[in-house]
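Reading through the structure tokens given below for one structure.
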Amino acid sequence: MQLIIAKDSQQFGEIGANVVCQVVKNKPNAVLGFATGSTPIAIYEKLVEKYQKGEISFKNAFCCNIDEYVGLDKNHPQSYAYFMRKHLFDHVDVNFDNVEIPSGIAKNLLEECKRYKEFLAYHPRDLQIVGLGQNGHIGFNEPYTPLGSKTHVVCLSKSTIEANSRFFTSVNHVPTKAITMGITELMTAKRLLVLACGRHKAEVVKDMILGACHPHLPCSVVQLHPDATILLDSQSASLLPDYLKE
Ligand code: GLP
């Protein structure tokens, strides 16, 4: 596990974007797994800049997302499909035929999960970006999700609904369910880029890195990944012991 602590948001974005560039440079048709939330936005901004400077092209890459809210159409401003277009896909040369995001409005959600599972099985991720919920979720794999899980429908926990309500007009508008890649599918990516920012993530970051690897804290599985980069800011790293920060 490689730990990187960025000194500010600029550097955070630059380091994260460089990881993506490196993967795509080595393999132009790489399969990239993206994440949503406020944390990766700085990285996506840098990727757009790098694309504009000709430093990266997504035209042969395959892009997929960890999760999507159930009940939100891909054009809903809070859907993760919309998020990815707004922050990245609409500003770079992504081939939309090569973009896969679970549909939150599929009539048969179990069939949709099956379809996504098959897609992931045939498209092992060369890089998976992973954000962190304050309760330790990765994607929408909430505490006590079996570590062997694959794509499934999840009932969001009260704390996740409350945490994500800042993006909605009220807590009552936050979807209560989502489709998420499972923990196994996240872990089978060749490389993981795990992100956290802010003092409110410091506890969970400490437990993720130093706590027991257990389903009560899904993010703790990243300890077992053979090629995980943990990218933090100084606030989220503030409870880590000094010897880890050297
Ligand atoms: C949501 C997403 C997660 C993401 C998390 C963190 O819950 N489903 O994939 O990691 O938000 O969001 P933020 O980066 O805003 O803290």
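Things worth noting here:
- Using a cut-off of 20 Å between Cα atoms, the listed pairs Lys74/Lys177; Lys117/Lys158; Lys190/Lys245; Lys7/Lys245 include Lys117/Lys158; Lys190/Lys245 as exceeding that distance.
- Ordering Ile4, Ile230 from the fewest to the most neighbouring beta carbons within 10 Å gives Ile4, Ile230.
- By DSSP, the beta bridges lying fully in the chain are antiparallel in about 30 percent of cases.
- Order of Lys201, Lys74 - criterion: other Cβ atoms within 10 Å of each residue's Cβ, fewest first: Lys74, Lys201
- Each of Ala106, Gly136, Leu231 was placed along the dipole of the chain (beta-carbon charges, centred on the mean Cα), and the one lying farthest toward the positive end is Ala106.
- When each of Tyr80, Tyr51 is scored by the number of other beta-carbon atoms lying within 10 Å, the sequence from fewest to most is Tyr51, Tyr80.
- Cα centroid separation - the stretch 6-83 against the stretch 168-246, whole Å: 17
- For the chain, adding -39500 (n - 2.57) for each run of n ≥ 4 DSSP H residues and dividing by the number of residues yields -9000 deg cm²/dmol at 222 nm.
- Only Cα pairs under 8 Å and 6+ residues apart enter the sum, and on that basis the relative contact order of the stretch 127-204 stands at 46 percent.
- Taking Cβ atoms as reference points and 12 Å as the exclusive limit, the residues near Val31 contribute a net charge of +1, counting Lys and Arg as +1 and Asp and Glu as -1.
- Mean separation of Cα contacts under 8 Å (6+ apart) over length of the chain, as relative contact order %: 25
- Gln10 sits among other residues whose Cβ lies under 15 Å from its own Cβ, and their net charge, with Lys and Arg +1 and Asp and Glu -1, is -2.
- Net +/- balance of residues flanking Lys59 in space, Cβ distance below 12 Å, scoring K and R +1, D and E -1: -2
- Peptides 32-45, 95-108, 55-68 ordered by average Cβ neighbours within 10 Å, highest first: 32-45, 55-68, 95-108
The numbers here are math on the coordinates, done by the rules we state, and not lab data. All values reported here derive from a predicted model rather than from experimental measurement. Glycine gets a Cβ as well: all are built from the backbone with ideal geometry, and neighbour counts include every protein chain shown.
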